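S.K.: Take a look at the following structure, please.
None of the figures in this text is laboratory data; all of them are computed from the coordinates on show. Source: prediction; values computed, not measured. Because the Cβ atoms are built from the backbone with ideal geometry, glycine has one as well, and the counts that use them run over all protein chains shown.
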Amino acid sequence: MPGLTGLIDWLDSRTGIKAGRAYLLDEPLPPGVNWWFVLGSILLFLLALQLISGSVLAMYYVAAPDHAYDSVRYVTDHVRFGGFVRGLHFFGASFIVIAAVAHMARVITFGSYKHPREVTWLTGVALLLVIMAFALTGYLLPWDQKAYWATTVTINIARSAPVFGEPIAAMMRGGSQLGALTLLRWYATHVLLLPAALGLLVVAHLYLMRRHGISGPVTPRPGAPTPFYPYHAIRDTLAVAAVFACLITLAATIRVPLDGMADPSDATYVPRPEWYFLSLFQLLKYFPGRLEPVATMVIPGAVVALVALLPFLDRRPERRPAKRRLVMVEGTKYPNTDAIPTQPIRCIRNA
Ligand code: HEM
């Protein structure tokens, strides 16, 4: 009888798992990689958890206006651990938004978006948009008052776009009014299209991250690279465990709200978006009436374009935050970029 080692050797000869394990765990990291570099792994963990909790919820969910609300209430109140799983999914969404923004802020602060990581950055921006689309489409699914009226606002916002506004709104609605087809479309987008896009983008993001190596500290430190396992893997594991503990505590103690069932005839209901869309909501108040597209399209579009183009606008190799005050929001005092000594980005693979 071959032992465990024999079994692994057999599997390796058929699949190459040992090389795969080495590729994943022995990644050389530059000296000085620290706790700031755990945010990407936290995101990966949260996304995987969202996939699991979402799959459990999908076992009970019925994407039809007559049953959606009751199916969500049934999971919350009558399925064992159903309320907890719904809590993991609900609070997990907010955790992902926070982790993604923190990860992005780390990348900006460390200047890690610069050459040669421009495309890694672009895949990151696309991931952020996909995450927001998940949040938007998920909001309608419970089919309660909040879901119905917030989605009405979203579709009206899309309709306010010049030229393509009406066709886009019609595509989002699926019919002349918000109803069964709308729910089905948003559900299909939430559980099929967006997960597929997310999967592809995450694979591309991680492939590019490995291709260029981790950027490491702002000022490269002397010393030999250290393997990911066990040195950084310990940090990742502890950080993920801490985040998971917070999420479990929230999901176990706070009941996810569910309003009354959607009532299309009750136009007095004032919907409020999730906290991460509040600033956009606030912006709407400054641009009423015909100026609405400025708040719904022009400003958000300009912000996304500016963020996406950041590596192409800030092309200096300089990574120290104090020398990049414009990017760090304070206004630059260093207009003569050529005078600043360049500092090559250390990349293990290319070093
Ligand atoms: C679903 C969301 C995301 C996942 C799962 C993810 C995952 C990761 C992981 C595991 C790393 C390596 C470890 C680290 O630096 O923390 C990384 C690096 C990176 N990420 Fe993300 N990320 C996501 C979103 C984003 C976003 C929103 C941006 C920016 C717009 C971004 C830009 C980058 C860049 C430029 C790097 C290279 C950093 C370096 O070399 O130091 N990522 N990402």
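S.K.: With r as the distance between the Cβ atoms of Val79 and Ser176 and R0 = 41 Å, compute the FRET efficiency 1/(1 + (r/R0)^6) and round to 0.05. Mind dumping the intermediate values first?
M.R.: Values: r = 35 Å, r/R0 = 0.86.
So the FRET efficiency works out to roughly 0.70.
S.K.: Toward the positive end of the charge dipole of the chain, about the Cα centre and with charges on Cβ (Lys, Arg +1; Asp, Glu -1), which of Tyr231, Ala48, Ala242 goes farthest?
M.R.: Going by the Cα projections, it comes out as Tyr231.
S.K.: Now for a separate question. Would you give the gap between the C-alpha center of the stretch 223-252 and the C-alpha center of the stretch 88-121, rounded to a whole Å?
M.R.: Here the two parts' Cα centres lie 16 Å apart.
S.K.: If you don't mind, another one. Dipole size in debye (nearest 20) for the stretch 1-101 around its Cα centre, Lys and Arg Cβ +1, Asp and Glu Cβ -1? It would help to have the intermediate numbers written out before the result.
M.R.: On the way: 6 positive and 7 negative charges, 18 e Å.
Dipole magnitude for the stretch 1-101 comes out near 80 debye.
S.K.: Can you give the calculated 222 nm mean residue ellipticity of the chain, where each DSSP H run of n ≥ 4 adds -39,500 (n - 2.57) and the sum is split over every residue, rounded to the nearest 500 deg cm²/dmol? All intermediate terms of the calculation are to be shown ahead of the outcome.
M.R.: Values: 14 runs with 199 residues, N = 351.
When only DSSP H runs of four or more count, the value is -18500 deg cm²/dmol.
S.K.: Cβ neighbours within 10 Å, averaged per peptide: list 129-137, 205-213 in order, most packed at the top. List each step's numbers first, then the result.
M.R.: Working: 129-137: 18.7, 205-213: 16.8.
Per-residue Cβ counts within 10 Å, averaged per peptide and sorted highest first, yield 129-137, 205-213.
S.K.: Let me ask you something else. Magnitude of the Cβ-charge dipole of the stretch 201-339, K/R +1 and D/E -1, about the Cα centre, nearest 20 debye?
M.R.: Working: 16 positive and 10 negative charges, 180 e Å.
Using only the charged Cβ atoms, the result is roughly 860 debye.
S.K.: For a protection proxy built on the mean count of beta-carbon atoms within 10 angstrom, sort 8-17, 316-325 highest first, please. Don't skip to the end; give the middle numbers.
M.R.: Details: 8-17: 11.5, 316-325: 16.5.
The densest-packed peptide leads the list: 316-325, 8-17.
S.K.: Compute the long axis of helix 118-140 from its Cα atoms, compare it with the longest principal axis of the Cα atoms of the chain, and write down the angle in degrees, 0 to 90, nearest 10.
M.R.: 20
S.K.: Additional query: Mind giving me the FRET efficiency for Leu200 and Ala267? R0 is 45 Å, r the Cβ-Cβ distance, nearest 0.05 is fine. Before the final figure, lay out each step's value.
M.R.: Details: r = 40 Å, r/R0 = 0.89.
In this case the efficiency is close to 0.65.
S.K.: Let me ask something else about it. Ser71: net charge of surrounding residues, Cβ under 13 Å, Lys/Arg +1, Asp/Glu -1, itself excluded?
M.R.: Values: positive: Arg73, Arg86; negative: Asp66, Asp70, Asp77, Asp144.
Charge balance in the 13 Å sphere: -2.
S.K.: What does the net charge come to around Thr120 if you take all other residues with beta carbon closer than 11 Å to its beta carbon, with K and R at +1 and D and E at -1?
M.R.: Details: positive: Lys114, Arg117, Arg210, Arg211; negative: Glu118.
Result for the neighbourhood of Thr120: +3.
S.K.: So who's got an amide H within less than 5 Å of the one on Leu29, skipping anything under 5 residues away but keeping other chains? H placed 1.01 Å off N, in plane.
M.R.: Residues meeting the criterion, in which the H sits 1.01 Å from N, are Thr226, Phe228.
S.K.: Just need the relative contact order of the stretch 34-349 here, percent rounded to a whole number, with Cα pairs under 8 Å and 6+ apart.
M.R.: Numbers: 307 pairs, mean separation 89.0, N = 316.
Relative contact order here is 28 percent.
S.K.: Assigning unit charges at the beta carbon (Lys, Arg +1; Asp, Glu -1) and nothing else, what dipole magnitude in debye, to the nearest 20, does the chain show about its Cα centre? Mind dumping the intermediate values first?
M.R.: On the way: 31 positive and 20 negative charges, 258 e Å.
It comes to approximately 1240 debye.
S.K.: Further, regarding this structure: How tilted is helix 299-308 with respect to the longest principal axis of the chain? Cα atoms for both, answer in degrees (0 to 90, nearest 10).
M.R.: Approximately 20 degrees, to the nearest 10.
S.K.: Pairs on different chains or at least eight residues apart, Cα atoms closer than 30 Å: how many lysine pairs in the chain fit? It would help to have the intermediate numbers written out before the result.
M.R.: Details: Lys114/Lys323; Lys114/Lys333; Lys146/Lys285; Lys323/Lys333.
Lysine pairs, 8 or more places apart or on different chains, close enough: 4.
S.K.: Quick one: 3J(HN,Hα) in Hz for the stretch 66-81, Karplus 6.51/-1.76/1.60 with θ = phi - 60°, rounded, Gly and Pro as x.
M.R.: Per-residue couplings from phi come out as 6, 10, 4, 4, 5, 5, 5, 5, 4, 4, 5, 9, 10, 8, 4, 6 Hz.
S.K.: Would you work out which of Ile214, Met297, Leu181 lies farthest towards the positive end of the dipole of the chain, given +1 charges on the beta-carbon of Lys and Arg and -1 on that of Asp and Glu, about the Cα centre?
M.R.: The residue sitting farthest along the positive end of the dipole is Ile214.
S.K.: Once the dipole of the stretch 43-162 is set up with Lys and Arg at +1 and Asp and Glu at -1 on Cβ about the Cα centre, which of His78, Tyr148, Thr123 lies farthest towards its positive end?
M.R.: Value computed over the given set: Thr123.
S.K.: Next question, about the same structure. Against the longest principal axis of the chain, how steep is helix 145-159, in degrees 0 to 90 to the nearest 10, with axes from Cα atoms?
M.R.: 70
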